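The values are calculated or read from the model by the stated rules, or taken from the named source; none is laboratory data. None of these values were measured; they are calculated from a predicted model. All Cβ positions, even for glycine, are placed from backbone atoms using ideal geometry, and neighbour counts span all protein chains on display.
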């Protein structure tokens, strides 16, 4: 039998807007729970006042959960339309159910219907309502702004080895199930890009060639965790290409002191359904924003660059000056330069990268040693 309890949520992404009104005919609560939640009330009128401070909270009318969320500029209680054991049991997500919520009780995750796909909103863990004060007990989604936050982690139900990703075109987000990070995304011309640097802690087995170890791990600039939060991680080319074939065989064997023939697109270290851009794809981006001579200004963030070298961030690409890591473990140029790997090789020792600097408006492609630690931006397949 389905179980409905008081829940507490870890917020993952912005709550969908354009939600259906309370009392939708598609609600599916035919099976009553063994015990009603302690915070249940008898009617919708008895729910507490839904305000900005309560955004994301969950309360129950008898056995039916309602979530407090903003819709069309107003905060209101929205009925969760169905509860099933697993998301596979949900009714089909179609235009009639756009914006509805559904709760997967077995995996304790709340979903919303967006663009004909059920998208995970938050993980659920049981809480004891008796531990609350005399106030009405409720469950909560701790809200944050996807548009302004950097990558954040979703709950432990998303784990290493869970090789899935969810792209939400409506909210411009990408959820990487491998570690639960949620990235902002953007579309420019014909391409869809991550609007943040990749921050996946790649731990593939190092790739060996001719006695040289190509370090297939990733780092935070200056080994400071706060820099991973700010800039994402730095990867060698072998790590960016996933040279050991952890996620795909397309870049397998592409390391240092070795000429390889990858199969494009190269997923590399990117989330499922996304890939490491080629030299040509970087050039396509430059063209879409007005040409390489001014692309730097258009792509750079509006803050964080040395000596007034900020850009206009006209397309919300938000490039930050993460600097680089050398093969001896030293770090350089944080604050004044951004380097992004491509999947295009330039010989056994070198690969192409995209470069932005604080001193000019140019975006250009060059090549350098595969052993450097550069940032990664992924583009949608």
- request: Go over the candidates 366, 360 one by one and state the one that is more than 24 Å from the chain's Cα centre (by Cα) and either more than 25 Å from residue 297 (Cβ to Cβ) or part of a strand (DSSP E or B) (or both).
  value: 366
task: Considering every residue within the range 233-252, establish whether at least one is over 21 Å from residue 178 (Cα atoms) and in a loop (DSSP other than H, G, I, E, B).
output: no
statement: Per the list (1) in a loop (DSSP other than H, G, I, E, B); (2) surrounded by 15 or more Cβ atoms within 10 Å (Cβ to Cβ); (3) modelled with pLDDT of 85 or more, residue check on residue 81 breaks on (1)
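Can you name every residue in the range 302-325 that is at negative phi and surrounded by fewer than 18 Cβ atoms within 10 Å (Cβ to Cβ)? Full working, then the answer.
Step one: list which residues in the range 302-325 are at negative phi, which gives 302-303, 305-306, 309-312, 314-315, 317, 319-322, 324-325.
Answer for the range 302-325, where residues must be at negative phi and surrounded by fewer than 18 Cβ atoms within 10 Å (Cβ to Cβ): 302, 303, 306, 310, 312, 314.
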- prompt: Can you name the condition, by its number, that residue 320 falls short on among (1) within 15 Å of residue 194 (Cα to Cα); (2) free of Cβ contacts under 8 Å to residues at least 40 places away in the same chain?
  reply: (2)
Sole exception among (1) within 28 Å of residue 260 (Cα to Cα); (2) buried (at least 18 other Cβ atoms within 10 Å of the Cβ); (3) within 24 Å of the chain's Cα centre (by Cα) for residue 381, by number: (2)
- prompt: Name the residues in the range 107-137 that are touching a helix residue (DSSP H, G or I) at 6+ places or on another chain (Cβ under 9 Å) and either exposed (fewer than 14 other Cβ atoms within 10 Å of the Cβ) or at pLDDT 50 or above (or both), would you?
  reply: 107, 109, 111, 113, 116, 118, 120
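When you go through 359, 347 one by one, which is the residue that is in the same structural domain as residue 327 (by TED's automatic domain parsing) and in contact (Cβ under 8 Å) with a residue 60 or more places away in the chain?
Working: 359 fails: in contact (Cβ under 8 Å) with a residue 60 or more places away in the chain.
Every option except 347 fails the conditions.
Matching residues to (1) over 21 Å from residue 368 (Cβ atoms); (2) assigned to a helix (DSSP H, G or I):
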site: 255; (1), (2): no, no
site: 296; (1), (2): no, yes
site: 302; (1), (2): yes, no
site: 321; (1), (2): no, no
